[in-house]
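*Asks:* Structure incoming, see below.
The values are calculated or read from the model by the stated rules, or taken from the named source; none is laboratory data. What you are looking at is a predicted structure, and each value in this text was computed from that prediction instead of being measured. When we count neighbours, we look across all protein chains shown, and the Cβ atoms used for this are built from the backbone with ideal geometry, even at glycine. Heads up: the accessible areas ignore ligands, DNA and RNA and are worked out on the full protein's heavy atoms, side chains in. Shrake-Rupley method; radii C 1.70, N 1.55, O 1.52, S 1.80 Å.
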Amino acid sequence: MTAVSRYYDVHRDAHGQRHLHVNLTGFALLRLPLLNKSTAFTHEERRALGLIGLLPPHVSTLDEQIERTWRRYVLQGNDLEKHIFLRNLQDRNEVLFYALVTRHLDDVLPILYTPTVGEAVRVFSHIYRYPRGLAISADTIGEIDQALDNVPLDDVRMIVATDSSAILGIGDQGFGGMAISIGKLSLYTAAGGVGPDKTLPVELDVGTNRQDLIDDPLYLGVRHERLTGAAYDDVLDRFVEGVAHRYPKAIIQWEDFASATAFRVLDRYRRVIPSFNDDIQGTGAMALAGVLSACRLTGERLKDQTFVVVGAGAGGTGVAWAITQGLLREGLSRDEARERVLVVDRQGLLTQDQQLDAHQVPYAQRPDRTRTWSAAGGVPTLLETVQQAGATVLLGLSGVPGLFTQPIIEAMLAHTARPVVFPLSNPTGNAEAVPADVLRWTAGQAIVATGSPFADVEYAGQVHPASQGNNAFIFPGLGFGAVLARAREITDSMVLDAAYTLSDCTDLSGGRVYPPVSALREVSLRVAARVMSRAVTDGVAAEYRLRTMSEADLQAYVRDRAWTPEYLPFQKAARVSMDLP
Ligand SMILES: NC(=O)c1ccc[n+]([C@@H]2O[C@H](COP(=O)([O-])OP(=O)(O)OC[C@H]3O[C@@H](n4cnc5c(N)ncnc54)[C@H](O)[C@@H]3O)[C@@H](O)[C@H]2O)c1
Ligand SMILES: O=C(O)C[C@H](O)C(=O)O
Ligand SMILES: [Mn+2]
């Protein structure tokens, strides 16, 4: 028996069939999304659980429910309405929600996740319907243990927590960032295989510096400026302590923290509680994978390339880190790698003679190398850096739309026949360039991937299938692998192995450098298996059974434990009480 929730447990019978033993009956049962089967409750279950008369006579199959729901979904007027529709479904019936998401993943991913989730974040206080996740603020952090105890789930393994300071490329979003934590976790279940009752979205509401939010009478967050310094650290410290106490097996994914805190939070807690930062590490691994795949496509090596990373925040620094690690693996020295990975921020190229943030310092260039690069005698611009360094790969993590102009992309053609151009900023309107332009400027030669979904591009009679370079190809597998290994820490090599696995399972046909969204689950399960194996090698896996397993065993282990949306038979628990001890 596994203690999952105060309302139910999962039991296996002698044949291995799982049953839910529920201690909630009647109307309340239909109101709990984790338990509600709605019209799919069988006659026997209705009789045993006090549901007679509360449901229509016909007992539906899950397929019928998917069909009924999908027909309404497609009638929703726009993407935000579709998002709201799906979120309502999730808050009504989680098995049906995930069954529908799994069946229609290509269609619903951009609605549930990037880019539409960005819109849902912006208007969160206006579309709020039903509680989901843990909301913590300075006012309630003193009661964190009580708050965690109020969460009806007893075996949470995966948490996504944000302070909403830098959501996607749309900045401070106050309480609205809860939508990102929810969206990321729905991928953990749909793609990764973490059961929905093992996930917990968290909004650390430390305030907002957005006066328009504070002035909005409907705003649902706390109305004060963002906490900083010791007051901020206190909220996070107590949160981490509370989680470690209530959910000792949980992994935390830090999401969308502004770079001023992202690195500090990661360093402060990654050895205290198993955790990783999705924007730094997940993005780094995702970008490295795409570049490795682009190299496979052209028959070159990573070490043949010169990289320009634009944006030296969380994402950009993570990308510079991961690519540097890839270059070291191919035998370059640290100094050689540094010369190959040039990072550009607002002021232009990062050089060692500038005042830089600590996370930027390892990627700053020696000024004697770049002194002559700027025509104006100052800091080299992005265009000058691309020209002078001889960029063959250009990666955008600036959040600035249109930053990759025609002259910049054309300049790459002087150094490579096949420029690799990844405008990775989200949501769609923040992309540094759009694929159709990049392909036109390079006569169809560029290898393009974008963070948000774009349509395939037809250029000169040839179709270039869109590649979506999003950390969604990394975090569900990285987190699920860490959960199954019961990793005490998420090591850098677990992150990098996720990158190589993603590249290995990318089918390059048609010139793709990322798998299609339809392969998200398969990719995530393969990533998870490799991450588990690395956790064992690195000595951080508390799950000792993995130590003797072959790669094939690990694959089977992951697949066996991946949650799938199906209705389990219900039985009434022996004792019916809302407050089990
Ligand atoms: N595709 C993905 O999976 C993925 C993952 C993470 C982040 N991102 C995207 O990357 C963008 C940045 O996210 P972040 O978390 O790193 O934010 P961040 O705020 O930490 O970093 C953004 C950086 O860009 C710099 N910048 C701003 N204007 C610039 C300009 N004109 N030229 C060069 N640099 C400039 C900023 O100074 C900052 O250092 C967002 O749009 C986000 O959606 C995408
Ligand atoms: O959320 C995404 O789509 C990817 C990434 O984490 C981002 O912040 O843009
Ligand atoms: Mn993010």
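*Asks:* Hey, does the range 371-379 have a residue that's assigned to a helix (DSSP H, G or I), of a type in the set (A, V, I, L, M), open to solvent by 10 Å² or more (accessible area, probe 1.4 Å) and within 14 Å of ligand 1 (Cβ to nearest atom)? Spell out how you get there, then give the answer.
*Replies:* Initially, the range 371-379 is screened for residues assigned to a helix (DSSP H, G or I), giving none.
The answer is no, given that none of the residues of the range 371-379 is assigned to a helix (DSSP H, G or I), of a type in the set (A, V, I, L, M), open to solvent by 10 Å² or more (accessible area, probe 1.4 Å) and within 14 Å of ligand 1 (Cβ to nearest atom).
*Asks:* Just one of the numbered conditions (1) of a type in the set (D, E, K, R); (2) away from ligand 2 (no atom under 13 Å from the Cβ); (3) in contact (Cβ under 8 Å) with a residue 40 or more places away in the chain is not true of Glu143; which one?
*Replies:* Condition (3) is where Glu143 drops out.
*Asks:* For the range 234-259, which residues satisfy the criterion of being free of Cβ contacts under 8 Å to residues at least 12 places away in the same chain and not in a loop (DSSP other than H, G, I, E, B)? Quick ask: steps written out before the conclusion?
*Replies:* First, the residues of the range 234-259 that are free of Cβ contacts under 8 Å to residues at least 12 places away in the same chain: 237, 248.
Correct list: Asp237 only.
*Asks:* Moving to a separate point now. Which residues, counting only those in the range 150-175, are more than 14 Å from ligand 2 (Cβ to nearest atom) and either more than 23 Å from Val101 (Cα to Cα) or acidic (Asp, Glu) (or both)? First the steps, then the outcome.
*Replies:* Here is the first cut: in the range 150-175, the ones more than 14 Å from ligand 2 (Cβ to nearest atom) are 150-159, 174-175.
Of everything in the range 150-175, those that are more than 14 Å from ligand 2 (Cβ to nearest atom) and either more than 23 Å from Val101 (Cα to Cα) or acidic (Asp, Glu) (or both) turn out to be Asn150, Val151, Pro152, Asp154, Asp155, Gly174, Phe175.
*Asks:* Right, next: Here is a list: Gly311, Gly282. Which entry is in contact (Cβ under 8 Å) with a residue 40 or more places away in the chain and on the phi < 0 side of the Ramachandran plot?
*Replies:* When all the criteria are applied, what remains is Gly282.
*Asks:* Moving on to the next point. Against the definition (closer than 17 Å to Ser125 by Cβ and crowded, with 24+ Cβ neighbours inside 10 Å), how does Met158 come out, yes or no? Please lay out each step first, then the result.
*Replies:* Working: closer than 17 Å to Ser125 by Cβ: no; crowded, with 24+ Cβ neighbours inside 10 Å: yes.
Here the answer is no, as Met158 does not meet what is asked.
*Asks:* Being buried (at least 24 other Cβ atoms within 10 Å of the Cβ) and away from ligand 1 (no atom under 16 Å from the Cβ) is the filter here, so list the residues in the range 448-492 that pass it.
*Replies:* Answer for the range 448-492, where residues must be buried (at least 24 other Cβ atoms within 10 Å of the Cβ) and away from ligand 1 (no atom under 16 Å from the Cβ): Phe480, Gly481, Ala482, Val483, Leu484, Ala485, Ala487, Ile490.
*Asks:* Also, quick follow-up: In this structure, is Glu551 among the charged types (D, E, K, R), open to solvent by 10 Å² or more (accessible area, probe 1.4 Å), in contact with a helix residue (DSSP H, G or I) (Cβ under 7 Å, 6 or more places away or on another chain) and farther than 30 Å from Val59 by Cα? Full working, then the answer.
*Replies:* Details: among the charged types (D, E, K, R): yes; open to solvent by 10 Å² or more (accessible area, probe 1.4 Å): yes; in contact with a helix residue (DSSP H, G or I) (Cβ under 7 Å, 6 or more places away or on another chain): yes; farther than 30 Å from Val59 by Cα: yes.
It is true that Glu551 is among the charged types (D, E, K, R), open to solvent by 10 Å² or more (accessible area, probe 1.4 Å), in contact with a helix residue (DSSP H, G or I) (Cβ under 7 Å, 6 or more places away or on another chain) and farther than 30 Å from Val59 by Cα.
*Asks:* Just to verify a result, which residue in the range 276-323, among those that are of a type outside the set (Val, Ile, Thr) and part of a strand (DSSP E or B), is farthest from ligand 1 (Cβ to nearest atom)?
*Replies:* This residue is Phe307.
*Asks:* Return yes or no: is Ser165 small (Gly, Ala, Ser) and either in contact with a helix residue (DSSP H, G or I) (Cβ under 9 Å, 6 or more places away or on another chain) or on the phi > 0 side of the Ramachandran plot (or both)? Show your work before the answer.
*Replies:* Details: small (Gly, Ala, Ser): yes; either in contact with a helix residue (DSSP H, G or I) (Cβ under 9 Å, 6 or more places away or on another chain) or on the phi > 0 side of the Ramachandran plot (or both): yes.
It is true that Ser165 is small (Gly, Ala, Ser) and either in contact with a helix residue (DSSP H, G or I) (Cβ under 9 Å, 6 or more places away or on another chain) or on the phi > 0 side of the Ramachandran plot (or both).
*Asks:* State whether one or more residues within the range 429-438 are open to solvent by 20 Å² or more (accessible area, probe 1.4 Å) and among the hydrophobic types (A, V, I, L, M, F, W, C). Walk me through how you get there before you give the answer.
*Replies:* Here is the first cut: in the range 429-438, the ones open to solvent by 20 Å² or more (accessible area, probe 1.4 Å) are 429-430, 434, 436-437.
Remaining after also requiring among the hydrophobic types (A, V, I, L, M, F, W, C): 434, 436.
The answer is yes, given that some residue of the range 429-438 is open to solvent by 20 Å² or more (accessible area, probe 1.4 Å) and among the hydrophobic types (A, V, I, L, M, F, W, C).
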